[in-house]
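Chemist: Have a look at this one.
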Amino acid sequence: MAVINFGSINIDHVYMVDHFVQPGETIASSDYQQLLGGKGANQSIALAQAGADVKHVGSIHESDASFKQTLIKKGVDCRYVRCNDTPSGHAIIQVTPCGENAIVLFGGANQTITADVVNKSLLDTSDNDWVLTQNETSCIDEVLQQAREKGLKVAFNPAPMSESVKSLPLDCVDLLIVNETEAAALTGKEALDDIIQVFQSDWQHAEVLITLGKEGVMMVTPESTDKVPAFEVDAVDTTAAGDTFIGYFLSAYSAGTEVTQALKRGCAASAIAVTRQGAAQSIPTQEEVDRFLAKHG
Ligand code: RIB
């Protein structure tokens, strides 16, 4: 069983700031780093670190091929990562002392995935494989549709949320993973109870996983809800916390781990990630997650 992840690979430009820059304001940063990121790459690394067989499908500029090597070193199968002449996707990330972030994205090479690329990347799949995608690459409609036509399981994390998500073939999705903002945008509701109600009535074809930040996570099916609290830690940088959760959760869940245990593993991995700076580099190893769970239960 493999996970084929159609996802972004970004170069993250990370600035440590006192507060997020305001309209018309210029502020100095106290630190700057250029790091591997992108929701897609982060989720692939988390899947690989968690022990999954993950094939990443994506694109990056040829001059940034070292970032592909980093993915390979982390255990990600990059046979479908193309290096081309389109500038790499990147993110301008401000991080405040309490670990919050604000992000501006440039899509670049992430937007060069075509229907043909999707088709070729899905030629050698097996029945039990999963397809995963986020909202930072092109041709998501093709990914969802082609994966469904092949009878593969489809996980979709519509982040960052945009209006266009609503017109995607969402009936192809088996597992939807959203945070509260994305859930509110998709359902048109604000209160969590109302959001759950809409998912239970309108998303009968899928399981819906809602990440609730410091409150933990909740799995919603048409018949049930299952909530797992977050672990309490001192956060220094929340970038990629959700990506880490998704990779660790999906690795366990797709391998047959019972849902509550898989949720707990995802929460533990993301709790560790927020205590470290950066995106991809903050994602823990399996051994670190095991040790954390042994200590915090
Ligand atoms: O989820 C965090 C990621 O969002 C960052 O690594 C950045 O690249 C953006 O894609």
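Where a number appears in this text, it was derived from the coordinates with a stated rule and is not lab data. Source: prediction; values computed, not measured. As a convention, Cβ positions derive from the backbone with ideal geometry for all residues, glycine included, and neighbour counts pool all protein chains shown.
Chemist: Going through the range 104-157 one residue at a time, which ones are hydroxyl-bearing (Ser, Thr, Tyr), in a loop (DSSP other than H, G, I, E, B) and in contact (Cβ under 8 Å) with a residue 40 or more places away in the chain?
Modeler: Within the range 104-157, Thr125, Ser126, Thr137 qualify.
Chemist: Now, a different point. All but one of (1) touching a Pro at 6+ places or on another chain (Cβ under 9 Å); (2) touching a residue at least 60 places away in the same chain (Cβ under 8 Å); (3) of a type outside the set (Asp, Glu) hold for Val57, so report the exception by its number.
Modeler: Of everything listed in (1) touching a Pro at 6+ places or on another chain (Cβ under 9 Å); (2) touching a residue at least 60 places away in the same chain (Cβ under 8 Å); (3) of a type outside the set (Asp, Glu), Val57 misses just condition (1).
Chemist: Still on this model: Got a number for residues in the range 76-91 being among the β-branched types (Val, Ile, Thr) and without any contact (Cβ under 8 Å) to a residue 40 or more places away in the chain?
Modeler: Number satisfying all stated conditions: 2.
Chemist: So Gln200 passes all but one of these: (1) assigned to a helix (DSSP H, G or I); (2) in contact (Cβ under 8 Å) with a residue 12 or more places away in the chain; (3) among the polar types (S, T, N, Q); (4) within 30 Å of Arg291 (Cβ to Cβ). Which condition number does it fail?
Modeler: (4)
Chemist: From Lys55, Lys68, grab the single residue that is under 18 Å from the mean Cα position of the chain (by Cα), charged (D, E, K, R) and under 24 Å from Arg276 (Cβ atoms).
Modeler: Of the residues listed, the single one that is under 18 Å from the mean Cα position of the chain (by Cα), charged (D, E, K, R) and under 24 Å from Arg276 (Cβ atoms) is Lys68.
Chemist: Still on this structure, I have one more. Could you give every pair whose Cβ atoms fall below 6 Å, whose first residue belongs to the range 271-296 and is more than 16 Å from the ligand (Cβ to nearest atom), and whose second residue is of a type in the set (S, T, N, Q), counting only separations of at least 6 or pairs across chains?
Modeler: Thr285/Gln49
Chemist: Among the residues of the range 64-72, is any part of a helix (DSSP H, G or I), among the aromatic types (Phe, Trp, Tyr), within 16 Å of the ligand (Cβ to nearest atom) and closer than 23 Å to Gln33 by Cβ?
Modeler: Scanning the range 64-72 turns up at least one residue that is part of a helix (DSSP H, G or I), among the aromatic types (Phe, Trp, Tyr), within 16 Å of the ligand (Cβ to nearest atom) and closer than 23 Å to Gln33 by Cβ.
Chemist: Mind listing whichever residues of the range 1-40 are of a type in the set (D, E, K, R), assigned to a strand (DSSP E or B) and either within 13 Å of the ligand (Cβ to nearest atom) or crowded, with 18+ Cβ neighbours inside 10 Å (or both)?
Modeler: Selection gives Asp12 alone.
Chemist: Then there's this: With the structure loaded, tell me whether Ser88 is surrounded by 22 or more Cβ atoms within 10 Å (Cβ to Cβ), within 16 Å of the ligand (Cβ to nearest atom) and farther than 30 Å from Asp234 by Cα or whether it fails that test.
Modeler: It is true that Ser88 is surrounded by 22 or more Cβ atoms within 10 Å (Cβ to Cβ), within 16 Å of the ligand (Cβ to nearest atom) and farther than 30 Å from Asp234 by Cα.
Chemist: Would you check if Glu258 is among the charged types (D, E, K, R), under 23 Å from Asn128 (Cα atoms) and surrounded by fewer than 16 Cβ atoms within 10 Å (Cβ to Cβ)?
Modeler: yes
Chemist: Right, something else. Which members of the range 158-194 meet the condition of being in a helix (DSSP H, G or I), within 16 Å of the ligand (Cβ to nearest atom) and either hydroxyl-bearing (Ser, Thr, Tyr) or under 19 Å from Thr239 (Cα atoms) (or both)?
Modeler: If the condition is that a residue be in a helix (DSSP H, G or I), within 16 Å of the ligand (Cβ to nearest atom) and either hydroxyl-bearing (Ser, Thr, Tyr) or under 19 Å from Thr239 (Cα atoms) (or both), then Glu180, Thr181, Glu182 are the ones that fit.
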